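Only the coordinates and a few stated rules stand behind these numbers; no lab work does. Remember, predicted model here, so these are calculated numbers, not experimental data. Methodologically, a virtual Cβ is constructed for each residue, glycine included, from the backbone with ideal geometry; neighbour enumeration extends over all protein chains shown.
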Amino acid sequence: MRIVHVPNRALVVPGELLAEGDLRAGRGAYKEGQKIFSSVVGLVERGEKEVSVIALEGCYEPRVGDDVVGVIVDSHMYGWIVDINSPYMGDLYAQDLLSKVDVTRVELSSYLKRGDLIFAKIGEVTSLRKVKLQARGAGYGKLKGGRLVEITPVKTPRVIGKRQSMLSMIQSVTGCILKVGQNGRIIIMSEDEKKISAITEALYMIEREAHTSGLTDRVKVFLEKRLKEDGGEKASD
């Protein structure tokens, strides 16, 4: 049996009862017994099997499975130290970026150096808040080109949207690929300065208006208007 006590998009506070029954507690929520409570001030987002809360403020807390955009800040004998826009640094071992590499025989700076950007996944977060990154596989690894935009990390879910609705719309309208990190860092993969500018403005619009409804439609109208004014072409044209 499932009982949901608050409507979707409702504003809730820490400790507020959200739901009961066989539902999962998602980001921004926790479960005690069969009851799910909010752990942050934010907006409720209800799924078929999960109840989450999109926080209105707060820093990025690493969570296993999250995609992040990281900045290489240093190296060590076995890999690199990565700034993930969090109170905690990420640790990327060479074996989690490269296949069949002998770290005693290669110069790691030839692969990644200070200031380089990477797209990675949170592989592990220990009880001591040590964060291990994974960057092997399609779409992950060193980022070449693109424009970095930073927003408040807790607003990132609105950039992605339910079932990636917002993200898919932005990419469809502009024809650009976005690499979105849950840590509030977004890479716009494009060399078209007008499209980069329009998308950047749209991202800041989402950040400002994350608590409002109908946002996807408003952002779409904004982008289409900006691209038309700038003489840009939609990907679907």
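At 4 °C and 1.567 mPa s, what whole-number value in µm²/s does Stokes-Einstein give for the translational diffusion of segment 147-229, with Rh from the Kirkwood sum over Cα pairs? Please list the in-between numbers first.
Numbers: Rh = 12.4 Å.
Value of D from the Cα-based Kirkwood radius: 104 µm²/s.
Using the number of other C-beta atoms within 10 angstrom as an exposure proxy, rank 86, 110 with the fewest first. Working shown, then result.
Working: 86 19, 110 7.
The fewest-first ordering by Cβ neighbours comes to 110, 86.
How big is the dipole moment of the chain about its Cα centre under a simple scheme where the beta carbon of each Lys and Arg is +1, that of each Asp and Glu is -1, and everything else is neutral? Debye, nearest 20, please. Don't skip to the end; give the middle numbers.
On the way: 36 positive and 32 negative charges, 65 e Å.
Using Cβ point charges on Lys, Arg, Asp and Glu, the chain gives about 320 debye.
State, to one decimal in nm, how far the label point of residue 228 lies from the label point of residue 49, with both points 7 Å from Cα in the Cβ direction.
According to this spin-label approximation, the distance is 4.2 nm.
Can you list the lysines whose alpha carbon sits under 28 Å from that of residue 121, skipping same-chain ones fewer than 8 residues off?
Reachable lysines: 31, 49, 100, 113, 130, 132, 142, 144, 155, 162, 179, 195.
With θ set to phi - 60° and the Karplus curve 6.51 cos²θ - 1.76 cosθ + 1.60, what are the ³J(HN,Hα) couplings of segment 115-132 in order, to the nearest whole Hz, using x for Gly and Pro?
Result, ordered by residue: x, 5, 9, 10, 10, 9, 10, 6, x, 7, 10, 7, 5, 8, 6, 7, 10, 9 Hz.
Gain in length, residue 201 to residue 59, computed as 0.36 nm per residue apart minus the alpha-carbon separation, to one decimal in nm? List each step's numbers first, then the result.
On the way: separation 142, 0.36 × 142 = 51.12 nm, distance 2.18 nm.
Length gained, residue 201 through residue 59: 48.9 nm.
Can you give the convex hull volume per residue for the Cα atoms of the chain, as a whole number of Å³?
Numbers: hull volume 32.9 nm³, N = 237.
For the chain, the hull spanned by Cα atoms encloses 139 Å³ per residue.
For segment 80-172, what does the equivalent ellipsoid look like in terms of its semi-axes, each the square root of 5 times an eigenvalue of the Cα gyration tensor, given largest first in whole Å?
On the way: eigenvalues 144, 57, 33 Å².
Semi-axis lengths for segment 80-172 are 27, 17, 13 Å.
I need to check one value: relative contact order of the chain, counting alpha carbon pairs closer than 8 Å and at least 6 residues apart, in percent. Walk me through the numbers before you get to the answer.
Values: 500 pairs, mean separation 35.0, N = 237.
Computed value for the chain: 15 percent relative contact order.
For 222, 119, which order do you get if you count the other beta carbons within 10 Å of each Cβ and list the fewest first?
With the fewest neighbours first, 222, 119 line up as 222, 119.
Which of 194, 144, 179 ends up with the largest GNM mean-square fluctuation for the chain, with Cα atoms connected below 10 Å?
144
In whole angstrom, how long is each semi-axis of the equivalent ellipsoid of segment 2-55, when you take the square root of 5 times every eigenvalue of its Cα gyration tensor and sort them from largest down? Don't skip to the end; give the middle numbers.
Numbers: eigenvalues 42, 25, 17 Å².
So the equivalent ellipsoid measures 14, 11, 9 Å along its semi-axes.
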